[in-house]
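Participant: This structure is in structure tokens; I'll ask about it shortly.
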Amino acid sequence: MNRNVKVFLAVEFIFFLVFIVMLSNVYSLINISFNIIFFLMTLLILSNLSEFLNFESSTSTSISLPVLIPAMTLINPLWITVIAFIGTSEIIVGQKKIPWYKFMFNRCMLGIAAGSAALIFKFSLGNITSNIIISLFFSAVVYFIINSSLVYAVIYLSGEKQKISYRVFWSELFKSIFVSYFLGLILYFSYVEFGKLFFLLVIILIYIGRDIFFSRIQLLNSFTQVIESFLKVIDSKDHYTEGHCERVANYTRLLCEIVNIKQNRKEKIVNMAKIHDIGKIYVDDNILKSNELLTKEEFEEMKKHSQYGYELLKDIDMLNDDLEIILYHHEFYNGEGYPKGLKGKEIPFGSRILNISDSFDVMTTGRSYKKALNKEETISEFKRCSGEQFDPDLVEKIIYLIESGELDSSFKKS
Ligand SMILES: [Fe+2]
Ligand SMILES: [Fe+2]
């Protein structure tokens, strides 16, 4: 830990004490209601549950606001600060060792953020709006701004700032605000309308749902990392197509965006684009690295890569619904492609898009036996093959993208 971070942590701790003293001039800790004990225990149990159940723990920060939202409407800001400070402590020790200064930093940060959020709630209700829901939104925003700014400040001071970009920081911040606020409102209404037992039931459901969701995301991320490692192997085998899959995925994303398909369908097609040539790892190096135009036999072997890719991945449950996109990415609209000779709309939509983005990359990067095409040549090549190799509707889209200048950097590269 460098000197700047030490000073920052000391200042934060002093600020926390001053904050408590200031709040205690206005609010009291003397009356301990059942609500205080209830929310404190709920938060304490939740903060330790992930450790106890051996889940990845990011729980104390992510679930503390939703629990504190209903608490803020019932308990004074001084108690909210204390509840956030104590309630988010991971008291089950032994499995994960957190240095004491990190422990204190997190506690003080959550205390200050929660106390300030509760103050904003009290102030805005009556002064700015008479609506509880809107006041709670203000408090959620304040909570996350304080929380995220302090975390960001420590990362910055510790010299790890290159690891986090402003864009990621703000998008994460907004996502957290809205998700936590939404969950907080659900908990608020559960508590107010149906009582404590129902409130606890909803927390358990949110908790389980959240962990299932995160473990799925984690699984997808690790899977993508494995696939991307495969791609590096393909790239290293075939220097002419270096970066090919990544570029094709980018073009595919642009095409998906202008044909206006649903977000999750778009992600599936783009993911398939990233790995569309994975079957090339089975193709002989001499064919893959050949600088000459391929012979008929060599080309027949090369053509098998879409089938190889499909076979390689078909046993992976998470992917097998989308693998046809890879299998048919060299089918032609007029039925003269491979491996099956599918025609027109028989070819999956994702494969028709992929065929265009794949060909666009080949046209603009060129090969040893074929020079890269410029903008005009690429447009006329797409027009020439429209309805033959390519889906005419999608040809219009790629031409639109080329003419609008969206793909200009691809031409400069060539
Ligand atoms: Fe291919
Ligand atoms: Fe390709």
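Participant: Confirm whether Y338 is more than 13 Å from ligand 2 (Cβ to nearest atom) and under 20 Å from G243 (Cα atoms). Don't jump to the end; show me each part of the working.
Facilitator: Working: more than 13 Å from ligand 2 (Cβ to nearest atom): yes; under 20 Å from G243 (Cα atoms): no.
Against the criterion (more than 13 Å from ligand 2 (Cβ to nearest atom) and under 20 Å from G243 (Cα atoms)), Y338 does not qualify.
Participant: Quick check, is E331 assigned by TED's automatic domain parsing to the domain that holds L312, farther than 22 Å from M272 by Cβ, at pLDDT 95 or above and not in a helix (DSSP H, G or I)? Before the answer, list the steps.
Facilitator: On the way: assigned by TED's automatic domain parsing to the domain that holds L312: yes; farther than 22 Å from M272 by Cβ: no; at pLDDT 95 or above: yes; not in a helix (DSSP H, G or I): yes.
Spelling it out, it is not the case that E331 is assigned by TED's automatic domain parsing to the domain that holds L312, farther than 22 Å from M272 by Cβ, at pLDDT 95 or above and not in a helix (DSSP H, G or I).
Participant: Another question, then. Has the stretch 338-361 got at least one residue that is of a type in the set (D, E, K, R), under 23 Å from L293 (Cα atoms) and not in a helix (DSSP H, G or I)? Step through it out loud before you land on a result.
Facilitator: Pass one, the stretch 338-361, residues of a type in the set (D, E, K, R): 340, 343, 345-346, 352, 358, 361.
From what is left, the residues that are under 23 Å from L293 (Cα atoms) are 358, 361.
Narrowing the set further to residues that are not in a helix (DSSP H, G or I) leaves none.
No - not one qualifying residue is present in the stretch 338-361.
Participant: Let me ask another. Got a number for residues in the stretch 294-315 being touching a helix residue (DSSP H, G or I) at 6+ places or on another chain (Cβ under 8 Å) and either over 20 Å from I347 (Cα atoms) or not assigned by TED's automatic domain parsing to the domain that holds F349 (or both)?
Facilitator: Initially, the stretch 294-315 is screened for residues touching a helix residue (DSSP H, G or I) at 6+ places or on another chain (Cβ under 8 Å), giving 294, 298, 301-302, 304-314.
Those still in the list that are either over 20 Å from I347 (Cα atoms) or not assigned by TED's automatic domain parsing to the domain that holds F349 (or both) too: 294, 298, 301-302, 312.
Adding up the residues that qualify gives 5.
Participant: For the stretch 318-327, name all the residues that are within 15 Å of ligand 2 (Cβ to nearest atom) and of a type in the set (D, E, K, R). Let's see the steps before the verdict.
Facilitator: Just the residues of the stretch 318-327 that are within 15 Å of ligand 2 (Cβ to nearest atom), to begin with: 325-327.
Of everything in the stretch 318-327, nothing turns out to be within 15 Å of ligand 2 (Cβ to nearest atom) and of a type in the set (D, E, K, R).
Participant: What is the number of the single condition among (1) more than 15 Å from ligand 2 (Cβ to nearest atom); (2) out of contact with any Asp or Glu (no Cβ under 7 Å at 6 or more places or on another chain) that G366 does not meet?
Facilitator: (1)
Participant: Do we have I287 as within 15 Å of ligand 1 (Cβ to nearest atom) and either closer than 23 Å to E324 by Cβ or among the β-branched types (V, I, T) (or both) here? Spell out the reasoning first.
Facilitator: On the way: within 15 Å of ligand 1 (Cβ to nearest atom): yes; either closer than 23 Å to E324 by Cβ or among the β-branched types (V, I, T) (or both): yes.
It is true that I287 is within 15 Å of ligand 1 (Cβ to nearest atom) and either closer than 23 Å to E324 by Cβ or among the β-branched types (V, I, T) (or both).
Participant: Would you mind telling me which numbered condition in (1) at pLDDT below 80; (2) assigned to a helix (DSSP H, G or I); (3) within 29 Å of N2 (Cα to Cα) G159 fails?
Facilitator: Going through (1) at pLDDT below 80; (2) assigned to a helix (DSSP H, G or I); (3) within 29 Å of N2 (Cα to Cα) one by one, G159 breaks only (2).
Participant: Let me ask you something else. For the stretch 241-263, give me the residue count where each residue is more than 15 Å from ligand 2 (Cβ to nearest atom) and in a helix (DSSP H, G or I).
Facilitator: Pass one, the stretch 241-263, residues more than 15 Å from ligand 2 (Cβ to nearest atom): 253-254, 256-263.
Going one step further and asking which of them are in a helix (DSSP H, G or I), we end up with 253-254, 256-259, 263.
Number satisfying all stated conditions: 7.
Participant: Let me ask something else. Select from the stretch 318-328 the residues that are more than 11 Å from ligand 1 (Cβ to nearest atom) and assigned to a helix (DSSP H, G or I) and write down the one among them that is surrounded by the most Cβ atoms within 10 Å (Cβ to Cβ). Break it down stepwise before answering.
Facilitator: Restricting attention to the stretch 318-328, the residues satisfying the condition of being more than 11 Å from ligand 1 (Cβ to nearest atom) are 318-325.
Going one step further and asking which of them are assigned to a helix (DSSP H, G or I), we end up with 323-325.
On the way: L323: 19, E324: 16, I325: 27.
Taking the candidates together, the pick is I325.
Participant: Just give me the residues in the stretch 337-363 being under 35 Å from the mean Cα position of the chain (by Cα) and away from ligand 1 (no atom under 16 Å from the Cβ), in sequence order.
Facilitator: G344, K345, E346, F349 - these are the residues of the stretch 337-363 that are under 35 Å from the mean Cα position of the chain (by Cα) and away from ligand 1 (no atom under 16 Å from the Cβ).
Participant: Related question: Where in the stretch 264-317 are the helices (runs of 4 or more DSSP H), entirely inside, with at least 2 residues that are over 22 Å from F360 (Cβ atoms) and either within 16 Å of ligand 2 (Cβ to nearest atom) or of a type in the set (G, A, S) (or both)?
Facilitator: On the way: elements: 285-288, 296-303, 305-313.
So the answer is 305-313.
The values are calculated or read from the model by the stated rules, or taken from the named source; none is laboratory data. Since the model is a prediction, treat every value here as computed from it, not as a measurement. Note: ideal-geometry Cβ built from the backbone for every residue, glycine included; neighbour counts use all protein chains shown.
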